[in-house]
Amino acid sequence: MSEIVKIEELIKTLQKSPNPTERAEAAQALGHLSDPKATDALVAALADTDRTVRVAATKSLELLRDQHLVEALVQDLSHEDPEVRRAIIEILSELRDREAVDALIAALEDDNIYVRKAAVEGLAAMGDWKAVDPLIDRLQDSDLYVRQAAAKALGELGEMRAEEALTRRLKSEPELIVRHEIKVALARLAGGD
């Protein structure tokens, strides 16, 4: 069986099989074949109803890392399912491709708190200082875990212009765990890591 036929059969199984185990196995196999033709099918599988299929698709996308993957993933950040958007952000964070920074900054405005938190963590992982001001804005997020992640990210990025915003937020932050993370971030910025 030629590899092209095998890839097409795996894609068909991933898209059409009623058996989640078969779909997950197909997703996993597509990642190991390292063929960029599998990218679209794997991105679509991020919305599968079965968690094991979504996990397999995520891992396979991380394995593929083809040059078009970042572009395809960025385009899919508008997917209607927030779980898919979060998974895409996690993959983009793993890839650490600078082309994804703007998309992750845009994801900081997502309606879903888990997507926003993943975007904050992804930007911290990428270490791009372009994210500092948008992360400072997230210190005002309505969700305490997003604020906590933003404080941690700012401390990790080590950009001193975040110090003033963190200090200001420390005075008005009502949640203990966020205040703690702000103090940790300020200590890192002061060199007390």
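Every read-out reported here was derived from the displayed coordinates using simple, explicitly stated rules and does not represent laboratory data. Remember, predicted model here, so these are calculated numbers, not experimental data. Ideal geometry is used to build each Cβ from the backbone, glycine not excepted, and the neighbour counts take in all protein chains shown.
Just a few scattered comments:
- Cα gyration tensor shape of segment 1-53, rounded if a/c is under 1.5, else prolate or oblate by comparing a/b with b/c: prolate
- Ranked by the mean number of other Cβ atoms within 10 Å per residue, highest first, peptides 167-179, 21-33 order as 21-33, 167-179.
- Convex hull volume per residue for the chain, taking Cα atoms only, in Å³: 112
- Couplings 3J(HN,Hα) for segment 133-141, derived from phi with the Karplus relation 6.51 cos²θ - 1.76 cosθ + 1.60 (θ = phi - 60°), are 5, x, 6, 4, 4, 6, 5, 9, 4 Hz, where x marks Gly and Pro.
- Projected label points at Glu109 and Ser142, each 7 Å from Cα along the beta carbon direction, are separated by 1.6 nanometres.
- Peptides 98-108, 76-86 ordered by packing proxy, namely the average of other Cβ atoms within 10 Å per residue, highest first: 98-108, 76-86.
- Relative packing of peptides 144-151, 111-118 - highest average C-beta neighbours within 10 Å first: 144-151, 111-118
- About the Cα centre, charge dipole magnitude for segment 105-193 (Lys/Arg +1, Asp/Glu -1 at Cβ), debye: 300
- At least 18 Å along the helix axis (C-alpha) and Kyte average at least 0.5, DSSP helices within the chain: 113-126, 176-189
- Leading residue at positive end of dipole, the chain (Cβ point charges), from Ala26, Ala72, Ala153: Ala153
- Value of Rg to Rh for segment 119-193 (Rh from inverse mean 1/r over Cα pairs, i.e. Kirkwood): 0.91
- The distance between label points at Glu22 and Leu63 comes to 2.0 nm (points 7 Å beyond Cα on the Cα→Cβ vector).
- Above-threshold pairs, the threshold being 29 Å between Cα atoms, out of Lys37/Lys152; Lys6/Lys117; Lys12/Lys130; Lys16/Lys59; Lys59/Lys183: Lys37/Lys152; Lys6/Lys117; Lys12/Lys130; Lys59/Lys183
- Model label sites at Lys183 and Gln75, defined 7 Å from Cα along the beta-carbon direction, differ in position by 4.9 nm.
- The charge dipole of the chain, taken about the Cα centre with unit charges on the Cβ atoms of Lys, Arg (+1) and Asp, Glu (-1), comes to about 560 debye, rounded to the nearest 20.
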